[in-house]
Each structure stands twice: as C-alpha cells, then as structure tokens.
Amino acid sequence: MKIKNPRTGQFYYEIFPPSAKELKGKTDLMREAQILWAKSGINFRIQALQAWKVVIEEFKDDLIDALCMDTGRKLETILEVDFVFSSIDRWSNISRHFFLKTERKPSFIPFLEIEQEYEPYSLVGVISPWNFPLFLSLIDTIPALLAGSAVVVKPSEIAPRFIEVLQKTINQVPDLLGVLNFIEGGEETGEELCKLTDIICFAGSTSTGQKIYQSACDNFIPVFLELSGKNAVIVTETADIERATSAILWGSVTNAGQSCWSIERIYVHKHIFHQFLSRLVAKANQLKLAFPNMDSGQIGPIISEKQVAIINDQLEDAFRKGAILKAGSIKCEELGGGYYFRPTILTNVTHDMKIMTNETLGPILPVMAYTNIDEAIKFVNSSQYGLSGAVFSGKEVEAMSIARLMKCGAVSVNHAALNGVLHEGEISAFKIYGIGGTRTGVSTIEKFLKKKVYLINAKDVKNS
Ligand code: NAD
C-alpha cells in the first residue's frame, strides 16, 4: 500500500498490512500475554508505561519527523507528541485508584457478604484517523493498557509513518512487547480487527463508524465511536467582537480546519454582523499558508486527498447557490504538489448548502446573521451532528443559558478552544456524533473494565 506525501503529492512510503491469518496469529499471542499483564497489578503496569515514556523521549525527534512528513505540519505535531508524556503520567495517577483492594461489605441478605472487583477486557482494538495520527491512536490505548487489557492499534493508512518509530520504542520495553501492537493497514485490516477484539474504540468518519457498529453487533462486542462534527458558534449582540473574531478564527483554521472539533458554522446577531465580519476578514487575511516550508506560515496542507475533493465540492455547491466570497479562495490551491485552502470566509449562506450541513474539515468559515436567540438556537440544533459548539456573549449568564440549549457534548463559553483536548470534563455523544461512554475524564478507564461481584456465604466458614 503506497503512501503520499501531503506537501509534494508524491508516493514516498509503503506499508505492508498483515494478512488476516497473520493478524489472527498476532492477536492470539496478545490474548495469552494479556493474562499475565492483567495479573501483574497496577504498579507493574504503571512502571512499564513509565519505562515506555522514557524510550519515547529518546525517539522524540524521530517521531516528530515521521509525523511532520505525513501531515505536513509542525506545531500541532509537537503538541501531539507532548500529549503522550502528559497522558501517561495523568493516567498512571488516575488508574491507581481503580485497583485499590476492595473491602468486603455486608449485603441485605444477612449471611451473604460481597466483594466487588474489576476485570479488564482481554483485547482492545483501536482504529484511528489521519488528522491527529498519534494523539488519536493513543487516547484510548494508554488507559486501556493501564486497565490491564492488551491493545492492538490500527492507525490511518493516510498518515502511518510514525508506526515504525513507535513500534521501535515498544520493542525496547519487554514488559509491553506482548500486549501492545501497532499494525499497518487500511479498511480491510480494520474490518479484520473488528472481528478479533473484545471491544473497539474508533475515531473517524460517520460512515465508517456505522460499518463498525454493524460489525460489532454481529460479533456482539461493545464499541465506542467518536465521529464527525459540524460545530457551530453563536455570537450575541453583547459579545466582545475582538475576542470573538480572534478566537473563532483560531477555532476554525487551526490545523487547517482538520479537527473534528473545528468551528464550521458561525451565527452572528444581525446588529453586529457587519462589524464582526469586517474584523474577521481583516484577521483572516493576515494568515499565511505554511508554504513552501512548514515554519513559514500558519495554514498547512490538507492531509487527505479525499478531503480536498469534499471541500472543493462543498465550495462549488455554495457558490452555485449564491454564497459570496469575503476572504480566501473559491477552491483549493495546488502548490508544489500539495493542496492548500486559505482561511475562506463566506456570507449569503443558507441551510440548503452542503457547507452549512455537512462536515467540511477545512479552514472554511460560513457566516450567517440571526435575528433573535430562538432563531440562532434553531439553526444550531438543526444539524444532525452534536459534537461541540461555542457561544460568545458579554454576559456570562446569557452565554450559559444559550450553551445549555445547544444540543452537543461540549460547549466553549467565550472562547473557541478545541474541546476534545481538555481531559478534565466528560463528553457524551449527542446525535450522530457517536456511541458509547466518554473518552475524556476519569470514567474513561471504566470502558475497559468489567464489573464483577463475589457473593460470599460467610456464615460458619473458617478462613484458613
Ligand atoms: P475514516 O472513517 O475514513 O477512517 C478512520 C479509520 O478507520 C482509518 O484507520 C481507516 O483505515 C479505518 N477504516 C476504514 N474503513 C473501515 C472499516 N470498514 N472497518 C474498520 N476500519 C475501517 O476517517 P478518516 O478520513 O481517517 O478521518 C476523518 C474523519 O474522522 C472526520 O469525519 C473527522 O471528523 C473524524 N474524526 C473524529 C474524531 C473524534 O474524536 N470524534 C477525531 C478525529 C477525526
């Protein structure tokens, strides 16, 4: 399977997916290794992950190079790698509490006492997308390993170069070797993996999520699906326009808009619409493409060629139906073999345009005026997606009352930070954003643990 460089458009790397038989052999061995891993106890597992962290630190530059080559961007890559270190530390601390010795407790039946325990799922499958190749391949992997599961990860075939480096780091930690594997491959390998694991954690498109849900149903296993978004922001009449325009621009174009949490619809009160628009356009026009090299600007290439076609199609549809271009370009620019979109601002948009209803995953900002807050809420909630959103208002009480009406799992209030990066809060999936429990917050680890209770007849039984 040949891989393209997003900056040059040239094939420059090749991956070799395992056959179904090889994958089965690998996962069988992992199941055996997991028995000892689960028995080894939480302190042993924490030590193994801490040892891994030290090795990753040694390979940090190689990891960054591999990720930069596949994604064509630098700053986000450095953040992704730093996430690994903080995530291992954070989960090491959190997971300890799940494995404290439980006390035996009385039950309502006088002679029965109970002991409650956790048992990890044996083999967790993680399938991840290309937009944050490292971050999203590890977000569930680290807590799952600490829970006592073995984990097999299949990152996206579009940005797979880091797998080789990461697998080298795993090879240097003997205690992890049998219970953590990164495998190369695309759709077929993903499909096989779904048949071989006890639980699937997936981040990716809604259409693939639906297929995985179907497969999980056939195999009778739990799934955790984190899918697409069409995140909206409401800017009220009282909002601080300087703050709102800077934050919304950042929330829309960071990583060239290739984040599931990116802001993709902007609803502004009609009384401040023109003022807001002129500041947004002025700020957008200051941003530069990160071309010819990664450090030269803010907006990197679109990583997936498939996505380029989707964005071009949405723009073409919008212009055909009357959208007006206020900044950016009418379609993708091809530079040096890579594909780029400048921050592109559209007005005169309507909800019968794909740009307002379908996920874009690019730095495109459609702006629409609203008359009253009921109308704005109706616009926001008309979407089939329910990942995240944002609201800007000069009054926090007003902002919070609007935020409460937005049908999505995370709402940023007076900022547009990418919600999924915050690990303290917990997010449920709204609408077709996904299925399953939260991927952030302490309770994430419970996904990988089955609850087991022992019902003990303690009456007149000797303990030795
Ligand atoms: P995708 O669905 O095409 O692929 C994701 C992964 O699934 C890849 O590893 C792919 O090889 C694998 N896959 C494809 N078909 C499969 C099948 N039938 N069975 C099993 N595995 C299969 O998504 P993508 O284009 O890589 O990523 C972009 C999408 O991901 C966007 O919609 C974006 O919003 C979404 N995303 C969501 C989150 C989130 O946390 N909600 C995060 C990042 C990206």
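What the table shows:
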| quantity | calculated |
| --- | --- |
| Residues being of a type in the set (Val, Ile, Thr) and open to solvent by 40 Å² or more (accessible area, probe 1.4 Å) - total across region 94-132 | 3 |
| Filter pass, residue 262 being outside the structural domain of residue 75 (by TED's automatic domain parsing), surrounded by 21 or more Cβ atoms within 10 Å (Cβ to Cβ) and more than 16 Å from residue 327 (Cβ to Cβ) | yes |
| Qualifying residue in region 76-85 (condition: among the polar types (S, T, N, Q), over 25 Å from residue 35 (Cβ atoms) and open to solvent by 60 Å² or more (accessible area, probe 1.4 Å)) | no |
| Options 237, 188, 242; residue that is near the ligand (Cβ under 10 Å from one of its atoms), in contact (Cβ under 8 Å) with a residue 12 or more places away in the chain and charged (D, E, K, R) | 188 |
| Long-range neighbours under 7 Å by Cβ, at least six apart or interchain, first residue in the same structural domain as residue 153 (by TED's automatic domain parsing) within region 193-212, second more than 9 Å from the ligand (Cβ to nearest atom) and open to solvent by 50 Å² or more (accessible area, probe 1.4 Å) | 194/219; 195/219; 196/24; 206/432 |
| Single match in 103, 115 (criterion: of a type outside the set (A, V, I, L, M, F, W, C), more than 16 Å from the ligand (Cβ to nearest atom) and part of a strand (DSSP E or B)) | 115 |
| Positions within region 224-250 being within 25 Å of residue 139 (Cβ to Cβ) and more than 15 Å from the chain's Cα centre (by Cα), in sequence order | 232, 233, 247, 250 |
| Residue within region 219-226 that is crowded, with 21+ Cβ neighbours inside 10 Å and near the ligand (Cβ under 7 Å from one of its atoms) present | yes |
| Qualifying position, being touching a Pro at 6+ places or on another chain (Cβ under 9 Å) and either open to solvent by less than 50 Å² (accessible area, probe 1.4 Å) or assigned to a helix (DSSP H, G or I) (or both), among 156, 207 | 156 |
| Every residue from region 228-254 that is modelled with pLDDT under 95 and touching a helix residue (DSSP H, G or I) at 6+ places or on another chain (Cβ under 6 Å) | 228 |
| Among (1) closer than 30 Å to residue 373 by Cβ; (2) surrounded by 18 or more Cβ atoms within 10 Å (Cβ to Cβ) - the single one residue 270 does not satisfy | (2) |
| Those residues of region 4-43 which are of a type outside the set (Ser, Thr, Tyr), touching a residue at least 60 places away in the same chain (Cβ under 8 Å) and farther than 15 Å from residue 123 by Cα, in sequence order | 4, 5, 6, 7, 9, 10, 15, 16, 17, 18, 20, 42 |
| Residues that are within 16 Å of the ligand (Cβ to nearest atom) and in contact with a strand residue (DSSP E or B) (Cβ under 9 Å, 6 or more places away or on another chain), drawn from region 256-269 | 256, 257, 260, 261, 262, 263, 264, 265 |
| Condition met for residue 154 (at pLDDT 95 or above, near the ligand (Cβ under 9 Å from one of its atoms) and under 23 Å from residue 37 (Cα atoms)) | yes |
| Strands (runs of 3 or more DSSP E) within region 349-464 that include 3 or more residues open to solvent by 20 Å² or more (accessible area, probe 1.4 Å) and not polar (S, T, N, Q) | 449-457 |
| Condition broken by residue 194, with the remaining ones in (1) in a helix (DSSP H, G or I); (2) among the hydrophobic types (A, V, I, L, M, F, W, C); (3) away from the ligand (no atom under 13 Å from the Cβ) satisfied | (3) |
| Residue that is modelled with pLDDT of 95 or more and away from the ligand (no atom under 16 Å from the Cβ), where the choices are 308, 349 | 349 |
| One residue from 302, 272 being modelled with pLDDT of 95 or more, in the same structural domain as residue 388 (by TED's automatic domain parsing) and either within 16 Å of the ligand (Cβ to nearest atom) or of a type in the set (Gly, Ala, Ser) (or both) | 302 |
| Unmet criterion (only one of (1) surrounded by fewer than 23 Cβ atoms within 10 Å (Cβ to Cβ); (2) part of a helix (DSSP H, G or I)) for residue 237 | (2) |
| Restricting region 168-184 to residues that are touching a strand residue (DSSP E or B) at 6+ places or on another chain (Cβ under 6 Å) and within 16 Å of the ligand (Cβ to nearest atom), the residue that is farthest from residue 55 (Cα to Cα) | 183 |
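The values are calculated or read from the model by the stated rules, or taken from the named source; none is laboratory data. This is a predicted model, so every value here is computed, not measured. All Cβ positions, glycine included, derive from the backbone under ideal geometry; neighbour counts span all protein chains shown. Keep in mind that these areas ignore ligands, DNA and RNA; they rest on the heavy atoms of the full protein, side chains included. Shrake-Rupley method; radii C 1.70, N 1.55, O 1.52, S 1.80 Å.
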